[in-house]
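Quick notes on the structure that follows.
The values are calculated or read from the model by the stated rules, or taken from the named source; none is laboratory data. Model, not experiment: these values are computed from the prediction. A quick note on method: Cβ atoms are made from the backbone with ideal geometry, for glycine too, and the neighbour counts reach across all protein chains shown.
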Amino acid sequence: MKKIVKLLSLGLLVTLLFGLWTARNAMQVAVGYSAKQVCSGVFLSGLSEEFVRDRDVSPNMAILGPLLGALKINTDKEEGVVAASLLGVKAKAVHLPGRGCTLNGRGEGIPPMALASAEEKSPGVPAGWRSAVSAAFAEPEISTGARNTYALLVASQGELLLEAYASPITARTRLQGWSMNKSLMATWIGMQTHRGLIDPAQSLGVLLADDPEVPDLDPGLTLLHLLQMESGLDFVEVYGPGSDVTKMLYTAPAMWQVPASKAQAYAPGEHFSYSSGDTVFASYLWQRTLDEPYEAWIAREFSAPLSMDSLVAEADASGVQVGSSYVYLTARDWMKAGQLWLDAWHGRSELLSQSWLRDSVTARPSDDRGRYGRGFWLNTGGVAFEGLPENLFYAGGHAGQFVVVIPEWETVVVRLGLTGPGVDKGMHEFLLALAKLRSPAS
């Protein structure tokens with residue numbers, strides 16, 4: 001009987017310790033997410049702390065249950081810092097010059113950025129489009145959360161035809177692209193590849209031979225495998241306390257080291273597995289090709305040629321751009337990125353080669369559904385948007401971020417928002433409506 005009691009006591013102790021470990025991990029994610037998102041929302045987007053808490057933090061941290069009321073957030077605009085705490089667990093995000101907000105970043109914070117300019121006159125919503133636009137912004141009648149469409153733009157032949165926003169979002173508001181950063185990272189690596197500054201098909205073991213911080217890697221693993229989500233690294237894209245991706249985004253100073261330290265679950269190139277870790281690792285490799293701060297390179301080589309003035313690409317605490325998730329642009333500048341991809345597809349861009357873009361929107365054999373290329377989602381066989389052109393491709397991000405490129409229509413569509421999990425984003429319905437609205441001459 002005493003042995004049974006001891007075993008039961010030991011079991012209860014293990015359960016308690018595991019519960020405490022899980023709870024602490026959950027709280028680390030909560031304070032890290034809260035500090036980072038409020039910092040970026042206030043200092044880059046120009047939104048109020050209350051708006052970011054209500055629309056972003058509270059819905060995404062609902063998993064905390066009653067503990068959500070104990071989550072404290074303090075924003076100091078003068079010092080450029082947002083601090084979050086929950087039952088003694090703390091995190092801080094710092095607004096750094098040129099790099100936006102960095103979780104647990106080093107250095108002196110600065111006050112909020114000025115809003116981006118908006119010199120281009122808005123076309124508004126043409127009369128014939130009002131029904132489709134209203135439907136895109138409307139909340140679903142039956143839903144477990146909010147759709148929260150913030151911005152909707154359509155351009156054809158390079159001309160902005162439609163532009164609509166939900167207050168307080170405007171044409172001057174920088175908005176987070178989340179995983180649309182992956183499409184930008186694939187673009188920036190393509191630009192460096194075209195210039196002969198990196199060979200993406202070369203073994204990473206060779207590329208990183210002089211880096212003592214990199215563990216042993218499969219000799220067949222390449223940068224292309226990372227961009228195509230077929231690295232085979234044992235990194236799991238599950239968002240929960242202590243998971244690979246939350247550990248990377250909310251606790252690791254050098255995020256790229258989390259995926260780089262993983263063992264091979266599959267041989268490179270054999271298995272498609274969506275992984276933010278792959279792109280974060282790729283971002284580190286991209287920065288090694290630069291001989292200057294990455295934000296200076298982006299401003300000169302990418303933003304300036306495209307006449308963008310809003311792009312802010314944020315870094316982790318080690319200074320590496322978080323290529324999976326943390327880039328902010330206005331809706332109009334997201335549209336300019338889409339126009340670049342459309343022009344490159346047609347071979348009329350001097351910035352990005354047609355061969356790189358076409359390869360990037362070609363389905364990989366590692367995914368038998370044809371969903372993904374190289375930093376872009378695809379519509380192979382109508383897998384994403386049934387009834388729409390198969391050569392449609394898009395940058396997509398968490399909570400309903402879209403830059404959709406439809407080459408045969410010469411059209412780019414941007415949709416930005418903060419849609420809850422499982423809620424219909426309205427994108428498919430809008431694109432089908434757009435197909436009906438197109439004139440024969442368009």
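Considering each residue of the range 251-262 in turn, none proves to be surrounded by fewer than 23 Cβ atoms within 10 Å (Cβ to Cβ) and among the aromatic types (F, W, Y). If you take the residues of the range 294-314 that are more than 21 Å from the chain's Cα centre (by Cα) and not in a helix (DSSP H, G or I), which of them is nearest to L103 (Cα to Cα)? If we take residues in the range 294-314 being more than 21 Å from the chain's Cα centre (by Cα) and not in a helix (DSSP H, G or I), then A304 is nearest to L103 (Cα to Cα). A single entry from L357, L340, L351 fulfils the requirement of being under 23 Å from E119 (Cβ atoms) and buried (at least 16 other Cβ atoms within 10 Å of the Cβ): L340.
I'd like the full set of residues that are of a type in the set (A, V, I, L, M, F, W, C) and in contact with a Ser or Thr (Cβ under 6 Å, 6 or more places away or on another chain), limited to the range 43-70. Matches in the range 43-70: V57 only. As a summary of the residue check, A317 satisfies the conditions (1) farther than 30 Å from R55 by Cα; (2) in a loop (DSSP other than H, G, I, E, B); (3) of a type outside the set (F, W, Y) except for the one numbered (1). Please work out if A136 is under 20 Å from the mean Cα position of the chain (by Cα), closer than 21 Å to L432 by Cβ, of a type outside the set (S, T, N, Q) and in the same structural domain as Y328 (by TED's automatic domain parsing). Against the criterion (under 20 Å from the mean Cα position of the chain (by Cα), closer than 21 Å to L432 by Cβ, of a type outside the set (S, T, N, Q) and in the same structural domain as Y328 (by TED's automatic domain parsing)), A136 does not qualify.
Quick one: is A136 part of a helix (DSSP H, G or I), among the small types (G, A, S) and in contact with a helix residue (DSSP H, G or I) (Cβ under 6 Å, 6 or more places away or on another chain)? The answer is yes for A136.
When the range 309-322 is filtered for residues that are small (G, A, S) and either under 24 Å from L153 (Cβ atoms) or touching a Cys at 6+ places or on another chain (Cβ under 6 Å) (or both), the ones remaining, listed by number, are S310, A313. Screening the range 61-79 for residues that are in contact (Cβ under 8 Å) with a residue 12 or more places away in the chain and within 23 Å of the chain's Cα centre (by Cα) and picking the one that is surrounded by the most Cβ atoms within 10 Å (Cβ to Cβ) gives M61.
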